Amino acid sequence: MDNKTLSGIDVPDKSDASMSPSVADQPQAGVYPFTRGVYPTMYRGRKWTMRQYSGFSTAEETNKRFHLLLERGQTGLSTAFDLPTQMGLDSDDPLSEGEVGKVGVAIDTVEDMKQLFKGIDLSKISTSMTINAPAMILLAMYAVTAEESGVDPKLISGTIQNDILKEYVARGTYIFPPEPSMRLITDIFEYCSENYPKFNTISISGYHIREAGSTAVQEIAFTLANAREYVRAALRTGMDIDKFAPRLSFFFNAHNDFLEEVAKFRAARRMWATMMKEEFGAKNEKSMKLRFHTQTGGSTLTAQQPENNIVRVTLQALSAVMGGTQSLHTNSMDEALALPTDKAATIALRTQQIIAEESGVPNFIDPFGGSYYMEWLTDKLETEARALIKQVEDIGVLEAINQGFIQREIQESAFQYQLSIDKKERIIVGVNSYIQEEEDTYDLLTVDESVRDDQVHKLKEIKEKRDNAAVKEILQKLESAAKGSDNLFPIVLEAVRRRASIGEISGTLRKVWGKYQAPITI
Amino acid sequence: MSSKIRVVIGKPGLDGHDRGAKVVARALRDAGMEVIYTGLHQTPESIVEIALQEDANAIGLSVLSGAHNHLFRKVLKLLKEKNAEEIVVFGGGIIPDDDAKDLMKEGVIGIFGPGTPLDEIVAFVKDNVKVIE
């Protein structure tokens, strides 16, 4: 053991005067700068939302999984869409071949969305949707689903990920170039603040940056740098900061270094609060509160001895809870092999239920607050992340993306991490040590190739039944609006009502704006 | 002509996960090979086209999206159609064992899952990919 954190910070061997815990002078949870938590009562008032990311195959199949998870005590929904949906393509697009229903549920029109949430009261349950480039279209479909099931869309609650900047640097499901993409995002901020006041309009994500190989410092630095870019973009449109900022939310990874992860969440909270207040002049405390979702680290899961992943997930989930997360997804043990089976998904949910109900951890807010090491590490992460944010902002966030600066920083960390495992400087149980030659076999979830045929058939039927002249008219309207500067949300909403497909809507926008050409960095 | 092994690392399909592809690309390059990384969202057609233009000896495909069966097979088929079967295909990603076995039977020379050390992949490529002068 080299006594460095996973992010490479040297861990001091004992507490000394330079590590003075200042917790006695630190404000409690719920008080600016919120290092100890964003709410005064935290889990003593209400537990975090247990929100398992799921989706595969058709809307019917995913709807069954949703009902199963709710029956088993999950408290919020989180939707995984397949790649064609995430890329704004219909299931019958040639590029969708082999991909329909694979990593998430296939959605072509609002009819699929209605099927997806069948039997679920959208005024009661909150739904998170991992959708970015076409986020406006999917949120419009969700709102129309509410509308047509008799729920006032003002009551819908949840989160759309809607974070395009991290797609360019880490996750890869981008469609349009940055400028029109940022406009879609600020259009969403504006429209939602009036019409869907309970919806979080963005989930600014460090999760995927970490999954792409970054360190904890890079995770908070690049996430907050992106967040600052969104704030500036919204301010440029003339919106008041306290109008949109209370609906900004965040999404972080819970990785292997338990104490460093707890410190990371604390540091991120404090940094956001001070930035919003001191640099951007927010007045409403809600604008300063960094509320976040956490998912345990997918890339930490091993294909070898997969049951061990249950233990990894437990420790990671515990760091998120001790770090004050607002909602949590715990990964399934079989995710290095395939999409989770019902059984694996249930164990993952049970893991957080055991933390919530049996461990006693939620009883005290920020239980590590005041620990020499925790306070020192929180300060250290903050200092290093601030320096990195400055480096990015000296280049400019969009320029740093175009130049591939952020991508290269992440790749370098990913490569060094892999080398440290290959050289056994870092031990991963079952992978580079404690290896078992004989591996058991597991039942895996498979998605049938016929899903695409079913989707294509359904889409064809809808296109035959709908008023095609009305669809054509609204798509033309969208095309000219995309060239101008009016808010696009109301037009997209109307296109969705008229049963335009996701491929038609985003295809119209692609025609006007073109596709993003990524710099190639290795 | 140079005797360096030339490898195209390709990301076919809509999958955006390229951490593995980039780490492997760099390891092969550090081991002295010529490596061309295609970037994301390539079609099998564009990857084969790049491999032909670049006189590649091998194509390494990375797929984590579950679309491997379709995408690997399509690349093999295209290479056959272009009479370019001397370009060997290997790959990695989240590929269940049963699928990996089937793909190997159909001509993929190696599939590497999560946790594979880089040295193992480098050694495999050196041993199994020939430079045709």
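So B:H41 clears everything in (1) crowded, with 20+ Cβ neighbours inside 10 Å; (2) closer than 15 Å to B:I9 by Cβ; (3) away from every other protein chain (no Cβ under 12 Å) except one condition, right? Which one?
Answer for B:H41: the failing condition is (3).
Please count how many residues of the stretch A:96-108 are within 21 Å of A:Y196 (Cβ to Cβ) and surrounded by fewer than 24 Cβ atoms within 10 Å (Cβ to Cβ).
At the first step, the residues of the stretch A:96-108 found to be within 21 Å of A:Y196 (Cβ to Cβ) are A:107.
Going one step further and asking which of them are surrounded by fewer than 24 Cβ atoms within 10 Å (Cβ to Cβ), we end up with none.
Selection size over the stretch A:96-108: 0.
Report whether or not A:K460 is surrounded by fewer than 18 Cβ atoms within 10 Å (Cβ to Cβ), among the basic types (K, R) and without any contact (Cβ under 8 Å) to a residue 24 or more places away in the chain. Reasoning before the result, please.
Details: surrounded by fewer than 18 Cβ atoms within 10 Å (Cβ to Cβ): yes; among the basic types (K, R): yes; without any contact (Cβ under 8 Å) to a residue 24 or more places away in the chain: no.
Judged against the criteria, A:K460 is not a match.
Based on what the data block shows, is A:V217 within 13 Å of chain B (Cβ to nearest Cβ), surrounded by 24 or more Cβ atoms within 10 Å (Cβ to Cβ), modelled with pLDDT of 95 or more and part of a helix (DSSP H, G or I)?
Numbers: within 13 Å of chain B (Cβ to nearest Cβ): no; surrounded by 24 or more Cβ atoms within 10 Å (Cβ to Cβ): yes; modelled with pLDDT of 95 or more: yes; part of a helix (DSSP H, G or I): yes.
In short, no.
Looking only at helices (runs of 4 or more DSSP H) that lie completely in the stretch B:1-86, which have at least 3 residues being under 18 Å from B:K126 (Cβ atoms)?
Working: elements: B:19-30, B:44-53, B:68-81.
Ranges flagged: B:19-30.
Which of (1) within 10 Å of chain B (Cβ to nearest Cβ); (2) of a type in the set (A, V, I, L, M); (3) surrounded by fewer than 17 Cβ atoms within 10 Å (Cβ to Cβ); (4) under 30 Å from A:K4 (Cα atoms) does A:I410 not meet, given it meets every other one?
Against the list (1) within 10 Å of chain B (Cβ to nearest Cβ); (2) of a type in the set (A, V, I, L, M); (3) surrounded by fewer than 17 Cβ atoms within 10 Å (Cβ to Cβ); (4) under 30 Å from A:K4 (Cα atoms), A:I410 comes up short only on (3).
Does B:V129 qualify as being over 23 Å from A:L339 (Cα atoms) and in contact (Cβ under 8 Å) with a residue 40 or more places away in the chain?
Spelling it out, B:V129 is indeed over 23 Å from A:L339 (Cα atoms) and in contact (Cβ under 8 Å) with a residue 40 or more places away in the chain.
In the stretch A:409-449, what residues are of a type in the set (G, A, S) and either out of contact with any Ser or Thr (no Cβ under 9 Å at 6 or more places or on another chain) or part of a strand (DSSP E or B) (or both)?
Here is the first cut: in the stretch A:409-449, the ones of a type in the set (G, A, S) are A:413-414, A:420, A:430, A:433.
Within the stretch A:409-449, A:S420, A:S433 meet the criteria.
Would you mind telling me which numbered condition in (1) at pLDDT 95 or above; (2) facing another protein chain (nearest Cβ under 9 Å) B:S65 fails?
It is condition (1) that B:S65 fails.
Going by what's in this entry, would A:P340 be described as part of a loop (DSSP other than H, G, I, E, B) and either of a type in the set (D, E) or at pLDDT below 95 (or both)?
yes
Only residues that are facing another protein chain (nearest Cβ under 10 Å), hydrophobic (A, V, I, L, M, F, W, C) and surrounded by 24 or more Cβ atoms within 10 Å (Cβ to Cβ): list them for the stretch A:69-95, please.
A:L83, A:M87, A:L89
Residues being over 25 Å from the mean Cα position of the chain (by Cα) and assigned to a helix (DSSP H, G or I): count how many of those fall in the stretch A:495-512. If you could, list the steps in order and put the result at the bottom.
Step one: filter the stretch A:495-512 for residues over 25 Å from the mean Cα position of the chain (by Cα), giving A:495, A:497-500, A:504, A:508, A:511-512.
Filter once more, so that each one left must be assigned to a helix (DSSP H, G or I): A:495, A:497, A:504, A:508, A:511-512.
Adding up the residues that qualify gives 6.
The values are calculated or read from the model by the stated rules, or taken from the named source; none is laboratory data. On a predicted model such as this, the values are computed, not experimentally measured, just so you know. We place every Cβ from the backbone using ideal geometry, glycine too, and count neighbours over all the protein chains shown.
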